[in-house]
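Colleague: Below: one structure in structure tokens.
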Amino acid sequence: MHRESTCSVIDGARNAGRGSSKHESVRDAAIGEVEETIAAVTWPEQKAPRIQQVLREITCAAQRALARVPRQLERAGGARVARGIAGDRAKTSAATLLFSRLRMPALPLDSHHHRVAQRLELIPASLDVGPSHAALEAQLPEGLSAQEVYDNHEALMLHGQRCCYYRAPACQRCVVYDLCPTGRRLHPELASNEGPVPSERRLFNAS
């Protein structure tokens, strides 16, 4: 479950690099130092060794990739490297692309984002979190920056955290109720008399 606030994640990332501009200092530090540095996030004792492991694997993968691509990893190439590091941990690979110096657009997906996407029927209810990354990313407009892709994730994540709860979603105050097949099935009494929602209407357009 996504438990950290965005601010605590950013603070932890900034602290991890404090004192040196090189990732190698975090990769090679004593594990206790890394735990102390990222203490703002939940379960630092679990995440510190994972951070160091990923950094070691990034070092090896980057050396191999850069030998093949002299100037810059393109998005598809970077995604393959990151997925090779993360295996089936698609959220980890997306975060690697977004928050490392690569700054490549890749869509992370947590349980809140996944739940909202299923209820909006952007993806099938039977589709697990892992394969949902690619399905949802394919729906994004071309040419989005890394920040814009993350903003998409954050908007849906926060909606899941603050309104579209796992149990008893607050459909009565949902800003996308008219676009939500699940909400309209659960609470038909909330439906407006405006008729069907036009297919071209954008997801968070209140006009």
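Colleague: Take the residues of the range 98-129 that are more than 19 Å from ALA155 (Cβ to Cβ) and at pLDDT below 85: which is surrounded by the most Cβ atoms within 10 Å (Cβ to Cβ)?
Modeller: MET104
Colleague: For residues that are surrounded by 15 or more Cβ atoms within 10 Å (Cβ to Cβ) and closer than 27 Å to GLN161 by Cβ, scanning just the range 14-33, find the one that is modelled with the lowest pLDDT.
Modeller: So the residue we want is ALA16.
Colleague: Ok, one more. What's the number of the condition VAL197 fails, among (1) outside any helix (DSSP H, G or I); (2) at pLDDT 90 or above; (3) surrounded by 13 or more Cβ atoms within 10 Å (Cβ to Cβ)?
Modeller: (2)
Colleague: Can you go through TYR150, TYR165 and tell me which one is in contact with a helix residue (DSSP H, G or I) (Cβ under 9 Å, 6 or more places away or on another chain), exposed (fewer than 15 other Cβ atoms within 10 Å of the Cβ) and of a type in the set (Phe, Trp, Tyr)?
Modeller: Selected residue: TYR165, the only one of TYR150, TYR165 that is in contact with a helix residue (DSSP H, G or I) (Cβ under 9 Å, 6 or more places away or on another chain), exposed (fewer than 15 other Cβ atoms within 10 Å of the Cβ) and of a type in the set (Phe, Trp, Tyr).
Colleague: Could you go through the range 170-191 and let me know if any residue there is of a type in the set (A, V, I, L, M), under 19 Å from the mean Cα position of the chain (by Cα) and modelled with pLDDT of 90 or more.
Modeller: Pass one, the range 170-191, residues of a type in the set (A, V, I, L, M): 170, 175-176, 179, 186, 190-191.
Imposing the further condition that a residue be under 19 Å from the mean Cα position of the chain (by Cα) reduces the set to none.
Looking through the range 170-191, none of the residues is of a type in the set (A, V, I, L, M), under 19 Å from the mean Cα position of the chain (by Cα) and modelled with pLDDT of 90 or more.
Residue-wise test of (1) more than 30 Å from GLN63 (Cβ to Cβ); (2) out of contact with any Cys (no Cβ under 7 Å at 6 or more places or on another chain); (3) among the charged types (D, E, K, R).
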site	(1), (2), (3)
HIS113	yes, yes, no
ASP128	yes, yes, yes
ALA134	no, yes, no
LEU144	no, yes, no
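The values are calculated or read from the model by the stated rules, or taken from the named source; none is laboratory data. Remember, predicted model here, so these are calculated numbers, not experimental data. So basically every Cβ, Gly included, is an ideal-geometry build from the backbone, and we count neighbours across all protein chains shown.
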